[in-house]
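The values are calculated or read from the model by the stated rules, or taken from the named source; none is laboratory data. Model, not experiment: these values are computed from the prediction. Quick reminder, even Gly has a Cβ in these numbers, built from the backbone with ideal geometry, and neighbours come from all protein chains shown. These area figures cover heavy atoms from the full protein model, side chains too; ligands, DNA and RNA do not enter into them. Shrake-Rupley method; radii C 1.70, N 1.55, O 1.52, S 1.80 Å.
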Amino acid sequence: MLKTILYIALGGAIGSVLRYLTAVFVNKYWSNHFPLATFITNVLGCFLIGLLIGILEKNNVANSNLKWFLITGFCGGYTTFSTFGYENFSLLQNNNSIVAFGYIGLSILLGLMAVWFGLTLTK
């Protein structure tokens with residue numbers, strides 16, 4: 001169990017740092033009411049989880065430490081659904097409901113499509 005926790009922690013640390021770097025990069029070139037850094041992170045994270053699960057299943061290693069490292073750790077550390085919830089709450093509180101609902105709809109639709117695309121690429 002300790003070994004599994006260490007794999008998750010290492011993957012989560014890497015994912016969290018990459019998430020931060022994604023936000024720094026995107027925010028350097030884009031500043032607007034739309035939270036693009038979180039949007040890109042969520043869609044890319046959904047794609048990555050689909051792609052990685054597909055690869056792990058295709059190679060019969062879905063129940064391995066690699067899964068804990070990549071899926072639970074890395075993808076869990078990289079994706080930011082809690083930030084997504086907070087940002088939408090803030091947008092709604094600031095009377096930006098059109099932006100909030102657009103952000104919600106696009107994140108869900110493109111996230112699901114990205115998971116499908118990631119899984120499809122591995123078949």
Review point. Which of the helices in the chain, when you take each full DSSP H run, stretch at least 27 Å along the axis at their Cα atoms and have an average Kyte-Doolittle score of -0.5 or higher?
Key: 2-29, 36-58, 97-121
Practice item. Kindly count the pairs of lysines across the chain whose alpha carbons are less than 30 Å apart, treating pairs on different chains or eight or more residues apart as eligible. Key: 5
Revision key, fill the gap. Rounded to whole angstrom, the alpha-carbon centroid of the stretch 109-123 lies from that of the stretch 1-40 at a distance of 20 Å
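What is the percent carbon and sulfur in the accessible area of the chain, measuring with a 1.4 Å probe over the protein chains and ignoring ligands?
71 percent
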Study note, to complete from the structure: Out of PHE89, SER107, LEU18 - ranked by how far each Cα lies towards the positive end of the dipole of the chain, with unit charges on the beta-carbon of charged residues - the top one is LEU18
Point to revise | Structure-derived mean projected area of the Cα convex hull in nm²: which label, when the choices are [x] 10.2; [y] 6.4; [z] 8.0 | key: [z]
Practice item. Could you compute the FRET efficiency for MET1 and TRP116, with r as their C-beta to C-beta distance and R0 at 30 Å, rounded to 0.05? Key: 0.35
**Study point:** Accessible surface of LEU112 - all protein chains present, 1.4 Å probe, nearest 10 Å²
**Key:** 120 Å²
**Study point:** Cα radius of gyration and Dmax for the stretch 19-84 (Å)
**Key:** 13.8, 44
Check your understanding: Once the piece of chain linking LEU36 and ASN60 is laid out straight, how much longer is it, given 0.36 nm per residue of separation minus the C-alpha distance between them?
Key -> 5.1 nm
Review point. Using Cα pairs under 8 angstrom and six or more residues apart, how large is the relative contact order of the stretch 1-97, in percent?
Key: 48 percent
Point to revise | FRET efficiency, 1/(1 + (r/R0)^6) with R0 35 Å, evaluated for SER16 and ASN95 via beta carbons | key: 0.65
Study note, to complete from the structure: Regression test value, accessible area per residue of the chain, probe 1.4 Å, units Å², expected 63 Å²
Exercise for review: With +1 on each Lys and Arg Cβ and -1 on each Asp and Glu Cβ, and nothing else charged, work out how big the dipole of the chain is about its Cα centre, in Debye to the nearest 20.
Suggested key: 280 debye
